[in-house]
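Here is the structure we will look at, set down as structure tokens.
The values are calculated or read from the model by the stated rules, or taken from the named source; none is laboratory data. Everything numeric here is computed off the predicted structure, so don't read it as measured data. Cβ placement follows ideal geometry from the backbone for every residue including glycine, while neighbour counts extend to all protein chains displayed.
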Amino acid sequence: MSAAKESRKESRKASLRKHAAEETIPGVEEARAAFAPALSAHLARPRAVLSALSAEPPQLLHLEGGEMAERMALALWWAALFNCDSDGEQPCLACPSCLRIGAGIHPDVILLDGRKESIKIADVRALRPVLGEKPRLGRRRVIVLAEAQSLGTEAANSLLKVLEDPCPDTGFIFTAPQRERLLPTLVSRGWVVTLPWPAADRALPAELLPWEEALAGFAREGRGWFDRTAERSAVDTPLARQIALLVEKAVAARLAGRKGGALSGVLRSLSDAELLALDETAAGSQDALQAQVNPLLVLDTLAVRLYSMLHPGQ
């Protein structure tokens, strides 16, 4: 590259920095709230692992386990490690760069968000022009795939091709409940950091309690479930994943002899073999959701399977 061209690029980057400095910076409390779930004491070890990895960062990093909010916050914390304006070993979470990352407006932190809907092949293809450029403002571009289990098959294969041509100034970080929910070829290309798993006896989020009661009621009496799922926009893919996971947790509680919630109580009449079969059905529901099968169809099939196991011959 000629000296003149390199000079123009540096001048453009300096201009971007000046423009960024003149922007309205998000408030500290507003932006730092995005990092808050990553700062709890029980995540000290994962943070230490990430700090060590930042010296020679892998092209692809997987965050599994924990809560969805913790995985997302830790992914942003990872991005801040490279782009914080301070010289400390940890991101300060108060400088303009950190605040922009927390507020989701940093030009070098790109989010493909699978928390609400699937990540499509068009989203992955849109990355290609960006990967050929230097980071616009920071030292390293970080591409976050939140809840990467929502990658469609075509999108995942397209991403594999992207990863075949590594860019030294760009890294990817995937968040997912379990690495098994991702293509094995994607997992094998990255470094996995596991967050502490949520306590098995933890109370369900308030928004899931009505769904547990409805599923338990349908399992007992065969009524009410379809009225609930027939409501317009009642279920999207993320919620369906949570409900399928709810079944898996109920099975785990029953097998471990724990009291559990309403659904776990309904499963008392099932044998261990039947419980394992139900767990496989719930895991199959997760796979179907990843393959972008209609979430209502997936949940209705799961509910019918549960009812048939409790009422054989009906």
Between 56, 64, 30, which is part of a helix (DSSP H, G or I), charged (D, E, K, R) and modelled with pLDDT under 95?
30
Tell me yes or no: at least one residue of segment 219-235 is over 20 Å from residue 297 (Cβ atoms) and either in a helix (DSSP H, G or I) or not assigned by TED's automatic domain parsing to the domain that holds residue 120 (or both).
yes
Scope segment 157-194; condition of a type in the set (A, V, I, L, M), modelled with pLDDT under 90 and surrounded by 20 or more Cβ atoms within 10 Å (Cβ to Cβ); matching residues:
182
Meets criteria (within 20 Å of the chain's Cα centre (by Cα), in a loop (DSSP other than H, G, I, E, B) and either exposed (fewer than 15 other Cβ atoms within 10 Å of the Cβ) or not small (Gly, Ala, Ser) (or both)) for residue 247:
no
Of the residues in segment 261-274, those that are touching a Lys or Arg at 6+ places or on another chain (Cβ under 9 Å) and crowded, with 17+ Cβ neighbours inside 10 Å number 6
Can you find a residue in segment 282-304 that is more than 26 Å from the chain's Cα centre (by Cα) and either surrounded by 15 or more Cβ atoms within 10 Å (Cβ to Cβ) or not polar (S, T, N, Q) (or both)?
yes
From the residues in segment 152-175 that are among the aliphatic types (A, V, I, L, M) and in contact (Cβ under 8 Å) with a residue 60 or more places away in the chain, which one is nearest to residue 108 (Cα to Cα)?
173
Of the conditions (1) touching a helix residue (DSSP H, G or I) at 6+ places or on another chain (Cβ under 8 Å); (2) modelled with pLDDT of 85 or more; (3) over 28 Å from residue 153 (Cα atoms), residue 281 clears all except one; give me its number.
(3)
Looking at 268, 254, 258 in this structure, which one is part of a loop (DSSP other than H, G, I, E, B), over 29 Å from residue 148 (Cβ atoms), basic (Lys, Arg) and in the same structural domain as residue 211 (by TED's automatic domain parsing)?
258
From the residues in segment 291-314 that are touching a Ser or Thr at 6+ places or on another chain (Cβ under 7 Å) and not in a loop (DSSP other than H, G, I, E, B), which one is farthest from residue 231 (Cα to Cα)?
310
Counted residues in segment 31-50 being surrounded by fewer than 17 Cβ atoms within 10 Å (Cβ to Cβ) and not aliphatic (A, V, I, L, M) come to 3
